[in-house]
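Step one of this worksheet: look at the structure below.
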Amino acid sequence: MRDMVEIGIGREARRTYDLEQISIVPSRRTRSSKDVDTRWKIDAYEFGFPLMMHPTDSISGPESAAEFARLGGLAVLNAEGIWARHEDGDAAIGEVLDAVSGAEWQLNSAGNEVLQKLHAAPIDEELLVRRIAELRESGAVTAARVSPQRARELTPVLVKAGIDLLIIQGTLISAEHVTSDGEPLNLKDFIGSLDVPVIVGGVCDYRTALHLMRTGAAGVIVGPGTTTSPEALGLDVPMATAIADAAAARRDYLDETGGRYVHVIADAAFDSAGDIAKAIACGADAVALSRVLATTTEAPGKGWHWPSAAAHPKYPRGYVEFADVDADTDPAVPMEQLLFGPTSDPFGKRNIVGGLRRVMAKCGFTDVKSFQRVELTVR
């Protein structure tokens, strides 16, 4: 039964939980972390660990995406970002960094102004195709993100370029994106017309997650997460509850279809192995990393981070911030060290995959799927 509370006369709200409000409880025999398998397989593609790169320009460029993929993760390029609009993406990002250099975070609207200017340039489809080709040539599983508003326009370009996975991601997505100035995007019809698997999101409730699963999507992204700031829209999703709700939708859809499994991918400000472990314990199959990847030496933003919605031409949601995740180490480390160590940081901010392996081992589980059954408590 849902826990409802009265917040005023005639107005009730559901009590929900964020990840910091829950704890993982070991209740089985322990294992060696060497026996833990962190592999994640979605559709025909297998990855070394259940982590996706959030598609924002501060962390996902041609070189950083190739490195993340080489190490075993799902890298995603933003097909509507700076790298698809400017030949010299590094120089364009350098303009953003110049604007915020030395500024307090309250003054970082200067970064938004530069981002708006850079995103006012048209998408160069030939350049976009070359970016995809560069990633493919690195041997990576090639994924690209489009918004619902431009999915119909850009998807044929991406499919022709040879993408393996399509990500349709916005702040929030429904099964049918309705607009008064164009044809609605019916995701079931749209996905059914494609020969590539599609991951869609974000969602934050059971019903929408179930509707998106019924479109034929291979995966559903949970949460506005890092795509918008709660101050801008008042959207602040309780991730533990949202993930659990989407996992319930996945279970019911599995029963409804007689065996079709749709992956749940959690997208929030995950900064530690503990956060990632809790998300999987709540039911996620994988987690999207964002801000923590900005602390790597390969990140195009050189330690600065912003969501793609920070560049919106009329109502930016999010700002340029320095990605200090309070690691007790040098804030800039190679991506390989961030994921696999070694590290002297005791807070799970580094050696993220190693940390996940250890918590799974401490709880007695040897694979990601079975770890979703671990016992949880609420603080």
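Kindly indicate the residue of region 13-30 that is open to solvent by less than 50 Å² (accessible area, probe 1.4 Å) and in contact with an Asp or Glu (Cβ under 7 Å, 6 or more places away or on another chain) and also nearest to Gly223 (Cα to Cα) among those meeting that condition. Only one residue fits best here, namely Leu19. Only a single criterion out of (1) in a loop (DSSP other than H, G, I, E, B); (2) touching a strand residue (DSSP E or B) at 6+ places or on another chain (Cβ under 8 Å); (3) modelled with pLDDT of 90 or more is not satisfied by Ile191, namely (1). Residue pairs whose Cβ atoms lie under 7 Å apart, sitting 6 or more positions apart in sequence or on different chains, and linking a residue in region 1-12 that is modelled with pLDDT of 85 or more to a partner that is exposed (fewer than 10 other Cβ atoms within 10 Å of the Cβ) and outside any loop (DSSP other than H, G, I, E, B), are Glu12/Val5; Glu12/Glu6.
Taking the conditions exactly as written (open to solvent by 10 Å² or more (accessible area, probe 1.4 Å) and in contact (Cβ under 8 Å) with a residue 24 or more places away in the chain), does Ala69 satisfy them or not?
yes
When Val159, Val146 are checked against the criterion of being open to solvent by 30 Å² or more (accessible area, probe 1.4 Å), touching a strand residue (DSSP E or B) at 6+ places or on another chain (Cβ under 9 Å), modelled with pLDDT of 95 or more and within 26 Å of Glu183 (Cα to Cα), a single residue qualifies: Val159. For region 1-46, residues that are farther than 28 Å from Ala75 by Cα and in a loop (DSSP other than H, G, I, E, B) total 15.
The values are calculated or read from the model by the stated rules, or taken from the named source; none is laboratory data. Predicted model only: the values in this text are computed from it and were never measured. All Cβ positions, glycine included, derive from the backbone under ideal geometry; neighbour counts span all protein chains shown. These area figures cover heavy atoms from the full protein model, side chains too; ligands, DNA and RNA do not enter into them. Shrake-Rupley method; radii C 1.70, N 1.55, O 1.52, S 1.80 Å.
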